[in-house]
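Input: a single structure, listed below in structure tokens.
The values are calculated or read from the model by the stated rules, or taken from the named source; none is laboratory data. Being a predicted model, the structure only gives us computed values, none of them experimental. Reconstructed Cβ throughout: ideal geometry from the backbone, glycine too, with neighbour counts over all protein chains shown.
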Amino acid sequence: MSSFPLPFWFRALALWALPLAALGQSAEEIVARADQVRNPEFPFRFNLALTEYVAGKPVGQNALAIYSKKDPATRQFRNLVLYEQPPADAGKAVLLDGRAFWFYDPASKSSVRISPQQRLIGQAAVGDVLTVSLAVDYVARLSSTETIQDAARHPRSCWHLDLQAADDLSTYAHVEYWVEQGTYHPVKAKFYSDSGRLLKILYYRAFEDWLGGTRPTEAVILDSVDSSRVTTAKSSGHRPANIPENWFQREFLPRFQGE
Amino acid sequence: MRRGVAAVLLLSPALAAFGQESEAELSRIPIEEPSTPATSAPGPLRRVTYLESATEPSLLRSALLVPYPPPLPPAIEQRLLLDATLFWAPLHDLAFTLSGLVELRAADDIPFPTHENIRVDVREAFATWQPFPGAYLDAGRVNLKSGVAIGYNPTDFFKARAVVEPLSADPAVLREVRLGAVMVRAQYVWGRAALTAAFAPALAAPSPILPDAELPSFDPMLGRTNAVNRFLLKGTFDLVADISPEVLAFVQGRSLSLGANVAESIGKSVVLYLEWAGGRQASLTEEALSFGVLTGSLPVAVVTALEPNPALSFQQDASLGLSYATESKLTLWLEYHLHQAGFSRQDWQGWFQTGLSPSGSFLSGALWYIRAYALDQVEPMSRNSIFARADWVDAFVFRLELSGFANVDLSDGSTLAQVSASYALSDAWGLGALLSANVGNRRSDFGSLPQFLSGVLTARAYF
């Protein structure tokens, strides 16, 4: 007869949770702290250089300029993305504002509303993934603590968090998220679709000091649908930006030329 | 204790598998990286320029129920296009935009060498002044577009007569190859709204509708874009949350039209949109024949013989549609188009009966003119139609895009269908192929057209 009526799995889970309880930290707080590591709270702009690899070989490059500003009402970043390279895409712009997404093509000089799913087709989605406030869009639960290898194969002691979409409009239905204990540096994330399909794996790397914090400047995105494809995203040129509210109107898109 | 050991033993394979999985992921990370593309702050001058070669063979129908007036569309055409868009902002509050193309062309209906082998179009040439933040004043030739639908835009009031020599009937292409109107435009963009007012004055007499082979070589074609005074006032505002409708009032000459459009996401994958416009106007037949007489393209006697009804009535146009995006980068669109001034089933019966009547040969020019007029106005020929489109990015292989659309005339089921493929060889080079078919019986909208099949092969180089 056992002196512990609770099931074994419950006791194992409790053992993992105890250290956190002692620290008084919830999963939501960990995700929020990691959000603060990834991006500053104030409006800022940065350049993003994307390189597409197929079977390990570079096959295409994009250069984007991204302007991000947090919406005080939703606490989520709103993004304006301007395509600068390659020439065929230069001048295209995407407005990602809460649940309103608009794509502007300078060739047709018209703006088209796109769905949350459709925005994932373009490269602008990478910028959106990098600035998304996961603590706002997802409900977090601590899964375990683990030591995993980061993108440079260095061991990192991480909280392994399980994030479920807070509503059905979040970009991904489910995210697995690894955050380094102590530093709150995001190390790795896995993004899943509504159907449970693993879509992409993201490694954060190249942490540098910019805009008041030590933050990742690069992301490596492994496509899990087509395993031959990898995208690297290098950010640079971070600086505070004065981003007026009217930049987030679709009528502004044809006027958008960056700063 | 034994339970703990058992748990460790049970977990060991799982941990090993986790390690293998992690190793497989890390091994995919590229080791050597190419130099990254330039991401410096943009300079005052930006340009997008490309050279494109387009070969356009066509297969014509051998016999038409209603004879087509000469010249017939060319059986083959070769075009070489130098397209440039320049944006120059010498000052923070002052910018200039120039967009246009130079075209060399040869076709079996164009003699060679003549001035017809070269064409120059200035699509846009305007200055923008920003007197204070959020306010913009534009003056010059401007392409002003409105609307949220993709197959037909009833609220895109400046589309009429603006499309020049499109490479295909794809509505996306029609939006790209059109001339702006000379206008003055004022716009103010607030945080939750925007207001635009534009005035395009009459600067030239209306020019006749010309076949592509007879388009002028060097001409701003103001007779197409600025033949009548036009005024547009439109505003967009955040109604609730992320719903931002646009309302429009458009005056052309003495005719007022009103319009509205709105688009909204439904769930994660669907966008629902509606575009509507309405105003008092005559039927398509009356408008076309009146314009033919006005421009000297049709004799009054021929028009009188067709007995058009000049009565004005409130006519509505609408596009109701939705888009659906899948996880596989495939996006589908479905739209219903209403063009109340267009042909009903009875109008089509009348068109064919007149064309087949003993006076048909006398009237066929006017009958086909009505259809050329609808095309020139970028309006549907028929009252009710369905438009479906599919676009698949990275189809089968990276950088291959497949797309296709079908425009179905609901009065007779005839269809304009088109499939296309484009492949980016590199960031600078691209290849494309397109096949278009007018399908239907001989007594139908698309089945009665002289072109049965047409194709386009393109090669484009950005520099």
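Taking into account only those residues within region A:189-217 that are assigned to a strand (DSSP E or B) and touching a Leu at 6+ places or on another chain (Cβ under 7 Å), which is nearest to the other protein chains (Cβ to nearest Cβ)?
Within region A:189-217, the first condition is being assigned to a strand (DSSP E or B), and the residues that meet it are A:189-192, A:198-210, A:213-217.
If we keep only those that are touching a Leu at 6+ places or on another chain (Cβ under 7 Å) too, we end up with A:189-192, A:200-201.
Working: A:Ala189: 12, A:Lys190: 9, A:Phe191: 11, A:Tyr192: 11, A:Lys200: 11, A:Ile201: 6 Å.
This residue is A:Ile201.
Any idea which of (1) within 20 Å of B:Glu124 (Cβ to Cβ); (2) out of contact with any Lys or Arg (no Cβ under 6 Å at 6 or more places or on another chain); (3) surrounded by fewer than 19 Cβ atoms within 10 Å (Cβ to Cβ); (4) more than 14 Å from chain A (Cβ to nearest Cβ) is the one B:Ser217 doesn't satisfy?
It fails just one condition, (2).
Can you pull out the residues in region B:170-182 that are surrounded by fewer than 23 Cβ atoms within 10 Å (Cβ to Cβ) and among the aliphatic types (A, V, I, L, M)?
B:Ala172, B:Val173, B:Leu174, B:Val177, B:Val182
Just need a number here: residues in region B:390-427 that are within 14 Å of chain A (Cβ to nearest Cβ), touching a Leu at 6+ places or on another chain (Cβ under 6 Å), among the hydrophobic types (A, V, I, L, M, F, W, C) and more than 23 Å from B:Tyr152 (Cβ to Cβ).
Step one: filter region B:390-427 for residues within 14 Å of chain A (Cβ to nearest Cβ), giving B:390-403, B:422-427.
Next, only the ones that are touching a Leu at 6+ places or on another chain (Cβ under 6 Å) stay: B:390, B:392, B:395, B:423.
If we keep only those that are among the hydrophobic types (A, V, I, L, M, F, W, C) too, we end up with B:390, B:392, B:395.
Filter again for more than 23 Å from B:Tyr152 (Cβ to Cβ), leaving B:395.
Total satisfying the criteria: 1.
Among the residues of region B:311-324, are any more than 19 Å from B:Gly147 (Cα to Cα), touching a helix residue (DSSP H, G or I) at 6+ places or on another chain (Cβ under 6 Å) and touching a residue at least 12 places away in the same chain (Cβ under 8 Å)? Break it down stepwise before answering.
Pass one, region B:311-324, residues more than 19 Å from B:Gly147 (Cα to Cα): B:311-314.
Keeping just the survivors that are touching a helix residue (DSSP H, G or I) at 6+ places or on another chain (Cβ under 6 Å) gives none.
No - not one qualifying residue is present in region B:311-324.
Sort out which residues of region B:227-261 are within 14 Å of chain A (Cβ to nearest Cβ) and either in contact (Cβ under 8 Å) with a residue 40 or more places away in the chain or among the charged types (D, E, K, R) (or both), and write them in order of number.
To start, the set of residues in region B:227-261 that are within 14 Å of chain A (Cβ to nearest Cβ) comprises B:232-248, B:261.
B:Leu232, B:Lys234, B:Gly235, B:Thr236, B:Phe237, B:Asp238, B:Asp242, B:Glu246, B:Leu248, B:Asn261 - these are the residues of region B:227-261 that are within 14 Å of chain A (Cβ to nearest Cβ) and either in contact (Cβ under 8 Å) with a residue 40 or more places away in the chain or among the charged types (D, E, K, R) (or both).
With the requirement that a residue be in contact with a strand residue (DSSP E or B) (Cβ under 8 Å, 6 or more places away or on another chain), more than 26 Å from B:Ala406 (Cβ to Cβ) and among the small types (Gly, Ala, Ser), what does region B:152-203 give you?
Correct list: B:Gly180, B:Ala181, B:Ala186, B:Ala193, B:Ala194, B:Ala197, B:Ala198, B:Ala200.
For the subset of region B:345-382 comprising residues that are hydroxyl-bearing (Ser, Thr, Tyr) and at pLDDT 95 or above, which member is surrounded by the most Cβ atoms within 10 Å (Cβ to Cβ)? Write out each step before concluding.
So in region B:345-382, the residues hydroxyl-bearing (Ser, Thr, Tyr) come out as B:354, B:357, B:359, B:361, B:364, B:369, B:373, B:382.
From what is left, the residues that are at pLDDT 95 or above are B:369, B:373, B:382.
Details: B:Tyr369: 22, B:Tyr373: 22, B:Ser382: 25.
Across region B:345-382, the extreme among qualifying residues is B:Ser382.
Which count do you get for residues in region B:413-443 that are of a type in the set (S, T, N, Q), free of Cβ contacts under 8 Å to residues at least 60 places away in the same chain and over 22 Å from A:Ala88 (Cβ atoms)?
Quick first cut of region B:413-443, residues of a type in the set (S, T, N, Q) only: B:414-415, B:418, B:420, B:422, B:426, B:436, B:438, B:441.
Among the residues that remain, those that are also free of Cβ contacts under 8 Å to residues at least 60 places away in the same chain are: B:414-415, B:422, B:426, B:438, B:441.
Subsequent filtering for residues that are over 22 Å from A:Ala88 (Cβ atoms) retains B:414-415, B:438, B:441.
Going through region B:413-443 one residue at a time, the tally reaches 4.
So B:Ser217 ticks every box in (1) farther than 30 Å from B:Pro70 by Cα; (2) over 22 Å from the mean Cα position of the chain (by Cα); (3) not aromatic (Phe, Trp, Tyr) but one. Which box is left unticked?
For B:Ser217, the failing item is (1).
May I ask you to list the residues in region A:193-250 that are among the basic types (Lys, Arg) and within 30 Å of B:Ser27 (Cα to Cα)? It would help to see each step written out before you state the result.
First, pick out the residues of region A:193-250 that are among the basic types (Lys, Arg): A:197, A:200, A:205, A:215, A:229, A:234, A:239, A:250.
Within region A:193-250, A:Arg197, A:Lys200, A:Arg205, A:Arg215, A:Arg229, A:Lys234 meet the criteria.
Residues in region B:376-386 that are within 30 Å of B:Lys329 (Cβ to Cβ) and touching a Ser or Thr at 6+ places or on another chain (Cβ under 8 Å): how many?
Total meeting the criteria: 0.
Does region A:218-233 hold any residues that are in a strand (DSSP E or B) and either surrounded by fewer than 19 Cβ atoms within 10 Å (Cβ to Cβ) or of a type in the set (Asp, Glu) (or both), and which are they? Explain how you work it out, then say what you get.
So the first thing to find is which residues in region A:218-233 are in a strand (DSSP E or B), and the list is A:218-223, A:229-233.
Those that are in a strand (DSSP E or B) and either surrounded by fewer than 19 Cβ atoms within 10 Å (Cβ to Cβ) or of a type in the set (Asp, Glu) (or both): A:Glu218, A:Asp223.
Could you identify the single residue in A:Val139, A:Val179, A:Val132 that is buried (at least 21 other Cβ atoms within 10 Å of the Cβ), more than 30 Å from A:Gly60 (Cβ to Cβ) and among the β-branched types (Val, Ile, Thr)? First the steps, then the outcome.
On the way: A:Val139 fails: buried (at least 21 other Cβ atoms within 10 Å of the Cβ); A:Val132 fails: more than 30 Å from A:Gly60 (Cβ to Cβ).
So the residue among A:Val139, A:Val179, A:Val132 that is buried (at least 21 other Cβ atoms within 10 Å of the Cβ), more than 30 Å from A:Gly60 (Cβ to Cβ) and among the β-branched types (Val, Ile, Thr) is A:Val179.
Just to be sure before I move on: is A:Arg215 under 24 Å from A:Lys69 (Cα atoms) and touching a Pro at 6+ places or on another chain (Cβ under 7 Å) in the structure I sent?
Working: under 24 Å from A:Lys69 (Cα atoms): yes; touching a Pro at 6+ places or on another chain (Cβ under 7 Å): no.
The answer is no for A:Arg215.
Go through (1) within 14 Å of chain A (Cβ to nearest Cβ); (2) under 26 Å from the mean Cα position of the chain (by Cα) one by one and return the number of the condition B:Val120 breaks.
Answer for B:Val120: the failing condition is (1).
Which of the residues that make up region B:176-214 are within 14 Å of another protein chain (Cβ to nearest Cβ) and aromatic (Phe, Trp, Tyr)?
Those that are within 14 Å of another protein chain (Cβ to nearest Cβ) and aromatic (Phe, Trp, Tyr): B:Tyr188, B:Trp190.
Which strands (runs of 3 or more DSSP E) does region B:44-118 wholly contain that include 1 or more residues that are buried (at least 17 other Cβ atoms within 10 Å of the Cβ), without any contact (Cβ under 8 Å) to a residue 12 or more places away in the chain and not charged (D, E, K, R)?
On the way: elements: B:45-60, B:76-91, B:94-107.
Fully inside region B:44-118 and qualifying: nothing.
With the checklist (1) among the acidic types (Asp, Glu); (2) in a helix (DSSP H, G or I); (3) more than 22 Å from B:Ala318 (Cβ to Cβ) in hand, flag the one item B:Asp347 doesn't pass.
(3)
Taking only region B:270-308 into account, find how many residues are of a type in the set (A, V, I, L, M, F, W, C) and without any contact (Cβ under 8 Å) to a residue 12 or more places away in the chain.
Of all residues in region B:270-308, those of a type in the set (A, V, I, L, M, F, W, C) come to B:270-272, B:274, B:276-277, B:282, B:284, B:288-289, B:291, B:293-294, B:298, B:300-303, B:305-306.
With the extra rule that they be without any contact (Cβ under 8 Å) to a residue 12 or more places away in the chain, the set shrinks to B:293, B:300-301.
The qualifying residues number 3.
Restricting the search to region B:229-259, which residues are basic (Lys, Arg) and touching a Ser or Thr at 6+ places or on another chain (Cβ under 6 Å)?
First pass over region B:229-259, keeping only residues basic (Lys, Arg): B:230, B:234, B:254.
Matches in region B:229-259: B:Lys234 only.
When the residues of region A:248-257 are narrowed to those that are buried (at least 22 other Cβ atoms within 10 Å of the Cβ) and either under 24 Å from the mean Cα position of the chain (by Cα) or more than 7 Å from chain B (Cβ to nearest Cβ) (or both), which ends up farthest from B:Ser146 (Cα to Cα)?
A:Phe248
As an exercise: evaluate B:Arg371 against (1) within 22 Å of B:Gly292 (Cβ to Cβ); (2) charged (D, E, K, R); (3) outside any helix (DSSP H, G or I) and give the number of the one condition it does not meet.
Every condition holds for B:Arg371 apart from (3).
Kindly establish whether B:Ala160 is away from chain A (no Cβ under 14 Å) and out of contact with any helix residue (DSSP H, G or I) (no Cβ under 6 Å at 6 or more places or on another chain). Steps first, answer last, please.
Numbers: away from chain A (no Cβ under 14 Å): yes; out of contact with any helix residue (DSSP H, G or I) (no Cβ under 6 Å at 6 or more places or on another chain): yes.
Yes, satisfied.
Out of the residues in region A:155-168 meeting the condition of being closer than 22 Å to A:Asn39 by Cα and within 14 Å of another protein chain (Cβ to nearest Cβ), tell me which one is surrounded by the most Cβ atoms within 10 Å (Cβ to Cβ).
Among those that are closer than 22 Å to A:Asn39 by Cα and within 14 Å of another protein chain (Cβ to nearest Cβ), it is A:Cys158.
So, B:Ser448, is that one more than 14 Å from every other protein chain (Cβ to nearest Cβ) and over 22 Å from the mean Cα position of the chain (by Cα) or not?
Values: more than 14 Å from every other protein chain (Cβ to nearest Cβ): yes; over 22 Å from the mean Cα position of the chain (by Cα): yes.
Spelling it out, B:Ser448 is indeed more than 14 Å from every other protein chain (Cβ to nearest Cβ) and over 22 Å from the mean Cα position of the chain (by Cα).
Among the numbered criteria (1) within 14 Å of another protein chain (Cβ to nearest Cβ); (2) over 30 Å from A:Lys200 (Cβ atoms), which single criterion is violated by B:Leu298?
(1)
Which ones in region B:123-140 are in contact (Cβ under 8 Å) with a residue 12 or more places away in the chain and not in a strand (DSSP E or B)? Spell out how you get there, then give the answer.
Start the filter on region B:123-140 by keeping residues that are in contact (Cβ under 8 Å) with a residue 12 or more places away in the chain, which leaves B:123-131, B:134-140.
Within region B:123-140, B:Gln130, B:Pro131, B:Gly134 meet the criteria.
What about B:Arg460, is it at pLDDT 95 or above and basic (Lys, Arg)?
Answer is yes for this residue.
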